[in-house]
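Visitor: Please read through the structure below; I'll follow up with questions.
The values are calculated or read from the model by the stated rules, or taken from the named source; none is laboratory data. Model, not experiment: these values are computed from the prediction. Quick reminder, even Gly has a Cβ in these numbers, built from the backbone with ideal geometry, and neighbours come from all protein chains shown. Note: areas computed on protein heavy atoms with side chains; ligands, DNA, RNA excluded. Shrake-Rupley method; radii C 1.70, N 1.55, O 1.52, S 1.80 Å.
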Number of protein chains: 2
Amino acid sequence: MTSMENRRVLLNARPIGVPGAEYFTVVSQPVDALKAGEFLVHNQFLSVDPAMRGWVNDTPNYLPPVAVGDVMRAFAVGKIVASNHRDYAVGEVVCGLFGWQRLTISNGDNVMRRVTDEDLSPSLALGILGLNGITAYFGLLDACDPQAGETVVVSTAAGAVGSCVGQIAKLHGCQTLGIAGGRDKVQQCITEFGYDQAIDYKNTGDLQAELGDKCPSGVNIYFDNTCGPISDAVFEHLALGARITVCGTAAIQEWSPLPVGPRVHRQLMVNRARMTGFLVLDYKQRYLEAVKHLADWLRKGQLVAREHVLADMDQAPGALQMLYRGENTGKLLIKVD
Amino acid sequence: MTSMENRRVLLNARPIGVPGAEYFTVVSQPVDALKAGEFLVHNQFLSVDPAMRGWVNDTPNYLPPVAVGDVMRAFAVGKIVASNHRDYAVGEVVCGLFGWQRLTISNGDNVMRRVTDEDLSPSLALGILGLNGITAYFGLLDACDPQAGETVVVSTAAGAVGSCVGQIAKLHGCQTLGIAGGRDKVQQCITEFGYDQAIDYKNTGDLQAELGDKCPSGVNIYFDNTCGPISDAVFEHLALGARITVCGTAAIQEWSPLPVGPRVHRQLMVNRARMTGFLVLDYKQRYLEAVKHLADWLRKGQLVAREHVLADMDQAPGALQMLYRGENTGKLLIKVD
């Protein structure tokens, strides 16, 4: 491939639910010439995130849906290889909403941040030093204010966000319980991410009863990445004054029409609990505060991150289904040559 | 009736849902002799509150269920007519959890507060200067932090709590919309309680559409006294950063098993909204702060309260069903001779 040849993953139809590989086409296109005020990023890693499912569905969201025919919206990290922009120099590493493509022309608007921690892999900027870690940091510390000794339950506990939440909670003196699917992930929760306890929701006879056994004083904080039956079971065990961060809804395939489930009002009222919808984009002004702490913990070995790297962009079209089926064993990334 | 003869409303069986008159028996009993450290209250008004439904159902709650055979738990206000207690003097007016009965022996533990505003009717201590008004005050101001210009929606808008919420919101410069059942109550919302707009949920073709028309910028604050379909419709119109106080669930008859409804997770997440379970008992240390402000507003005519007074204790057994059917036209009270 020549240096100016772009490979791009385009959305080719409007999916309902989690889009399979058939909704994407990988194409090769020459890259446009840079205009004044633009720079060219050669992406090294592309991100695969649960939020991307929402970005392609044609329902109200915090961003407009990706247009059919457009490159798939995604975070990526790469090196600037050409620049007509006074603030961005060749050689700088940046991450941002660069899309599922090899080369991205940017005017700076879609840059999330410069990546300056040269002792750490740039791929981390898409995971634990990117929105996943920042989500875990503010979604736990800012939205839930964890106190030492409190019981913190995390769903998708071995995932890119969840594994970080569990570790940060532990660093703050909490008792942690992870909920994950499958024996390997539960094992990973305990041995790799340091949860005090873990439950395999796919192989428990009665999730609600097991939660009761493992959280005898109730759940003080629930970091919810799933919604659905896992969330329903946790809500049966809320402690007085519980805080719930609603961060993701991985267990729900489709939101139009609204799916039904147990009404949470009385559980919230009886326990004077608080349920807060969380979106990391609201913390833009404070990203670097989180990155600084997360990088420090990483360097000290107090925080670990696992990555699952797909070797080629041809694997991008199937990556979202892989993620929603839970087949990845760490932050899911696509390596780009 | 002699002055020492008590009339009491006893719970005679364990109801499911809202208890009808058949679950209560009115009896006459002599009152016990006062022991040291006790005093006798002659109740003037007994309260009828939505929370009493929860107190008689045998499900987990913030108070143990009323035992079958016991006097029905209820708030009441009355005058001390005999005292062996050094801190409570004959002639003082007190309100507290004195039960549905004429005479109550107390050691002070079940006193909520002394009623010292002698220029105002003691009955107000059970409504707008009691838990209803205090609930409205903290449930709106503390849990939702209303800002001038925000849209505040209130369900059971003409009720004892709701009517006070709407007026306090208006005093804070908010746009208010009340949801109530029936033309009379909607009329009362506008003319008596000063709501900017009101919707009759019993006579609207499409509550969700009407809410959209009347709240074009969305709902910033929702004070929820109902749960159920009204709440579901409001949740479709949450504004960014919306705050919801879950204060009551009048529309739901039975919580065991949990009723189902639309899952709220995605609406909370997309709007970064916060849903908080509220119980006024958590504000015990701050009751007088609310009463002071509410009494000031009442005296200045900035706040109005309406009472619906049943003339005799024989009407107590049917009063909870009357309340849940929405047949009262103000704070529902029972007068005691």
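Visitor: Tell me whether region A:285-297 contains one or more residues that are open to solvent by less than 30 Å² (accessible area, probe 1.4 Å) and either part of a loop (DSSP other than H, G, I, E, B) or under 30 Å from A:Ser28 (Cα atoms) (or both).
Guide: No, every residue in region A:285-297 fails to be open to solvent by less than 30 Å² (accessible area, probe 1.4 Å) and either part of a loop (DSSP other than H, G, I, E, B) or under 30 Å from A:Ser28 (Cα atoms) (or both).
Residues checked against (1) out of contact with any helix residue (DSSP H, G or I) (no Cβ under 7 Å at 6 or more places or on another chain); (2) not assigned by TED's automatic domain parsing to the domain that holds B:Gln188:
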{"position": "B:Lys202", "(1), (2)": "yes, no"}
{"position": "B:Ala209", "(1), (2)": "yes, no"}
{"position": "B:Ile221", "(1), (2)": "no, no"}
{"position": "B:Leu238", "(1), (2)": "no, no"}
{"position": "B:Leu310", "(1), (2)": "no, yes"}
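Visitor: If you don't mind, another one. All but one of (1) within 14 Å of chain A (Cβ to nearest Cβ); (2) in contact with a Pro (Cβ under 8 Å, 6 or more places away or on another chain); (3) not acidic (Asp, Glu) hold for B:Val161; which doesn't?
Guide: Single failed check for B:Val161: (2).
Visitor: Kindly list the number of the only condition in (1) within 20 Å of B:Val270 (Cα to Cα); (2) modelled with pLDDT of 95 or more; (3) out of contact with any Lys or Arg (no Cβ under 6 Å at 6 or more places or on another chain); (4) not aromatic (Phe, Trp, Tyr) that fails for A:Leu238.
Guide: (1)
Visitor: Working only within region B:34-54, note down all residues that are under 29 Å from B:Gly91 (Cα atoms) and either within 24 Å of the chain's Cα centre (by Cα) or crowded, with 20+ Cβ neighbours inside 10 Å (or both).
Guide: The answer is B:Phe39, B:Leu40, B:Val41, B:His42, B:Asn43, B:Gln44, B:Phe45, B:Leu46, B:Ser47, B:Val48, B:Asp49, B:Met52.
Visitor: Does region A:276-290 include one or more residues that are among the charged types (D, E, K, R) and more than 14 Å from every other protein chain (Cβ to nearest Cβ)?
Guide: yes
Visitor: Please find, within region A:272-284, the residue that is farthest from B:Asn57 (Cα to Cα) out of those that are surrounded by 20 or more Cβ atoms within 10 Å (Cβ to Cβ) and in contact (Cβ under 8 Å) with a residue 40 or more places away in the chain.
Guide: Looking at the filtered set, the residue picked out is A:Val280.
Visitor: So which residues in region A:299-328 are over 16 Å from the mean Cα position of the chain (by Cα) and in a helix (DSSP H, G or I), if there are any at all?
Guide: A:Arg299, A:Met313, A:Asp314, A:Gln315
Visitor: A further question on this structure: Among the residues of region B:134-167, how many are part of a helix (DSSP H, G or I) and closer than 21 Å to B:Gly181 by Cα?
Guide: Qualifying residue count for the region: 7.
Visitor: Taking region A:236-267 on its own, how many of its residues are touching a residue at least 24 places away in the same chain (Cβ under 8 Å) and assigned to a helix (DSSP H, G or I)?
Guide: 1
Visitor: Let me ask something additional. Inspect region B:320-327 for any residue being farther than 26 Å from B:Val246 by Cβ and without any contact (Cβ under 8 Å) to a residue 40 or more places away in the chain and give the result as yes or no.
Guide: no
Visitor: Being in contact with a Pro (Cβ under 8 Å, 6 or more places away or on another chain), surrounded by 18 or more Cβ atoms within 10 Å (Cβ to Cβ) and β-branched (Val, Ile, Thr): is that true of B:Val26 here?
Guide: For B:Val26, the condition - in contact with a Pro (Cβ under 8 Å, 6 or more places away or on another chain), surrounded by 18 or more Cβ atoms within 10 Å (Cβ to Cβ) and β-branched (Val, Ile, Thr) - is not met.
Visitor: Give region A:298-317 a look and list any residue that's open to solvent by 30 Å² or more (accessible area, probe 1.4 Å), touching a residue at least 12 places away in the same chain (Cβ under 8 Å) and not aliphatic (A, V, I, L, M), or say none.
Guide: Of everything in region A:298-317, those that are open to solvent by 30 Å² or more (accessible area, probe 1.4 Å), touching a residue at least 12 places away in the same chain (Cβ under 8 Å) and not aliphatic (A, V, I, L, M) turn out to be A:Arg299, A:Gln302, A:Arg306, A:Glu307, A:His308, A:Asp312, A:Asp314, A:Gln315.
Visitor: Return the residue satisfying two criteria in turn: it lies in region B:96-115 and is open to solvent by 40 Å² or more (accessible area, probe 1.4 Å) and polar (S, T, N, Q), and of such residues it is nearest to B:Ala316 (Cα to Cα).
Guide: Among those residues, the one meeting the criterion is B:Asn110.
Visitor: Of the conditions (1) more than 20 Å from B:Asn271 (Cβ to Cβ); (2) touching a Cys at 6+ places or on another chain (Cβ under 6 Å); (3) β-branched (Val, Ile, Thr), B:Val186 clears all except one; give me its number.
Guide: Of (1) more than 20 Å from B:Asn271 (Cβ to Cβ); (2) touching a Cys at 6+ places or on another chain (Cβ under 6 Å); (3) β-branched (Val, Ile, Thr), only one is false for B:Val186: (2).
Visitor: Of the conditions (1) in the same structural domain as A:Thr135 (by TED's automatic domain parsing); (2) in contact with a Phe, Trp or Tyr (Cβ under 9 Å, 6 or more places away or on another chain), A:Pro257 satisfies every one except a single condition; which number is it?
Guide: It fails just one condition, (2).
Quick grid of which residues meet (1) in a strand (DSSP E or B); (2) at pLDDT below 95; (3) within 30 Å of B:Ser256 (Cβ to Cβ); (4) touching a Ser or Thr at 6+ places or on another chain (Cβ under 7 Å):
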residue	(1), (2), (3), (4)
B:Arg7	yes, no, no, yes
B:Ile16	no, yes, yes, no
B:Leu34	no, no, no, no
B:Gln44	yes, no, no, no
B:Lys79	yes, no, no, no
B:Thr104	yes, no, no, no
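Visitor: Looking at region A:159-176, which of the residues that are buried (at least 24 other Cβ atoms within 10 Å of the Cβ) and free of Cβ contacts under 8 Å to residues at least 40 places away in the same chain is farthest from A:Ser217 (Cα to Cα)?
Guide: A:Gly166
Visitor: Another one. Filter region A:241-250 down to the residues that are open to solvent by 10 Å² or more (accessible area, probe 1.4 Å) and facing chain B (nearest Cβ under 7 Å) and list them by number.
Guide: Within region A:241-250, A:Thr249 is the sole residue that qualifies.
Visitor: Checking the condition crowded, with 24+ Cβ neighbours inside 10 Å, hydrophobic (A, V, I, L, M, F, W, C) and more than 12 Å from the chain's Cα centre (by Cα), which residue from A:Leu129, A:Leu140, A:Leu120 passes?
Guide: A:Leu140
Visitor: Taking region A:191-213 only, how many residues are in contact (Cβ under 8 Å) with a residue 12 or more places away in the chain, in a helix (DSSP H, G or I) and open to solvent by 60 Å² or more (accessible area, probe 1.4 Å)?
Guide: 1
Visitor: In addition: Just wondering, is there one or more residues in region B:251-274 that are more than 9 Å from chain A (Cβ to nearest Cβ), of a type in the set (D, E, K, R) and within 20 Å of B:Ala143 (Cα to Cα)?
Guide: no
Visitor: Out of curiosity, is B:Ala233 within 30 Å of A:Tyr62 (Cα to Cα), crowded, with 21+ Cβ neighbours inside 10 Å and more than 7 Å from chain A (Cβ to nearest Cβ)?
Guide: Taking the combined requirement at face value, the residue satisfies it.
Visitor: Determine which member of the set A:Val9, A:Val31, A:Val93, A:Val68 is open to solvent by 10 Å² or more (accessible area, probe 1.4 Å), touching a Pro at 6+ places or on another chain (Cβ under 8 Å) and of a type outside the set (Lys, Arg).
Guide: One residue alone meets the criteria, A:Val93.
Visitor: (1) closer than 20 Å to B:Tyr324 by Cα; (2) out of contact with any helix residue (DSSP H, G or I) (no Cβ under 9 Å at 6 or more places or on another chain); (3) within 14 Å of chain A (Cβ to nearest Cβ): which one isn't true of B:Ala143, the others all being true?
Guide: Single failed check for B:Ala143: (1).
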